[in-house]
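Working notes, structure below.
The values are calculated or read from the model by the stated rules, or taken from the named source; none is laboratory data. On a predicted model such as this, the values are computed, not experimentally measured, just so you know. Backbone-built Cβ (ideal geometry, glycine too); neighbour counts: all protein chains shown.
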2 protein chains.
Amino acid sequence: MDKPEHHIFVCASFRAGGDPKGVCHKKGSVNLLPYIENEILDRGLDAQITSTGCMKACDHGPVMVIHSQGVWYGNVDSEDAVDEILDALEDGEIAEDLRISG
Amino acid sequence: MDKPEHHIFVCASFRAGGDPKGVCHKKGSVNLLPYIENEILDRGLDAQITSTGCMKACDHGPVMVIHSQGVWYGNVDSEDAVDEILDALEDGEIAEDLRISG
């Protein structure tokens, strides 16, 4: 199988049994998934998006993690935020103002 | 926040609405989560485990992806398989026979 160059993880706050109940889900992270999918295609990025259970960074939610960059982003709550992050990814850079520091 | 050195993603086959219904879940991936958590602690690994929605590698399920190694593993269906993968991780190596090639 072909593995993607970039693997984008979006917290959907799934509990162990599958219920999406946490901060990221309440703040609409899942609603952004179709937009992110479209942007990946439009930009021709070799990227896969995967929703996740709680990533334990709830204070910063909605949370997105991009590997191989190894960057954690917070407050990803709008299409503008997604654009900023993907613009940076395309340029091999990091959207510093959305990055979770530490 | 402190970000983990290793981020271990275990496919739990969550659908968009949260129902865990796919191959990895049926093959028991979620049942291994407590074992993996314990092994991370026992080994003193700086690692975080996150369950995910479908990672689209169902033919190889149960699937586990480890970043920052960027390695995709398949057939992670037993404690022995987990041990083999974490043994390799501790040594900075890759458990090649469980790795998804390509």
Quiz item: Among the residues of the range A:71-81, which ones are surrounded by fewer than 21 Cβ atoms within 10 Å (Cβ to Cβ) and more than 10 Å from chain B (Cβ to nearest Cβ)?
Solution: A:Asn75, A:Asp77, A:Ser78, A:Glu79, A:Asp80, A:Ala81
Exercise. Only one of these is out of contact with any Leu (no Cβ under 7 Å at 6 or more places or on another chain) and free of Cβ contacts under 8 Å to residues at least 24 places away in the same chain: B:Ala81, B:Ala88, B:Ala57, B:Ala47. Name it.
Key: B:Ala88
Quiz item: Which number in (1) more than 12 Å from the chain's Cα centre (by Cα); (2) at pLDDT 90 or above marks the one condition that B:Asp2 misses?
Solution: (2)
Quiz item: What residue, among those in the range B:71-88 that are within 12 Å of the chain's Cα centre (by Cα) and hydrophobic (A, V, I, L, M, F, W, C), is nearest to B:Pro34 (Cα to Cα)?
Solution: B:Val82
Quiz item: Is it true that A:Gly22 is touching a strand residue (DSSP E or B) at 6+ places or on another chain (Cβ under 7 Å), within 24 Å of B:His25 (Cβ to Cβ), buried (at least 19 other Cβ atoms within 10 Å of the Cβ) and at pLDDT 90 or above?
Solution: no
Quiz item: Pick from the range A:57-70 the residues that are facing chain B (nearest Cβ under 9 Å) and under 11 Å from the mean Cα position of the chain (by Cα): which of them is surrounded by the fewest Cβ atoms within 10 Å (Cβ to Cβ)?
Solution: A:His67
Exercise. Just give me the residues in the range B:33-56 being surrounded by 13 or more Cβ atoms within 10 Å (Cβ to Cβ) and within 12 Å of chain A (Cβ to nearest Cβ), in sequence order.
Key: B:Leu33, B:Glu37, B:Gln48, B:Ile49, B:Thr50, B:Ser51, B:Thr52, B:Gly53, B:Cys54, B:Met55, B:Lys56
Exercise. Among the numbered conditions (1) assigned to a strand (DSSP E or B); (2) at the interface with chain A (Cβ under 10 Å from one of its Cβ atoms), tell me where B:Ile8 comes up short.
Key: (2)
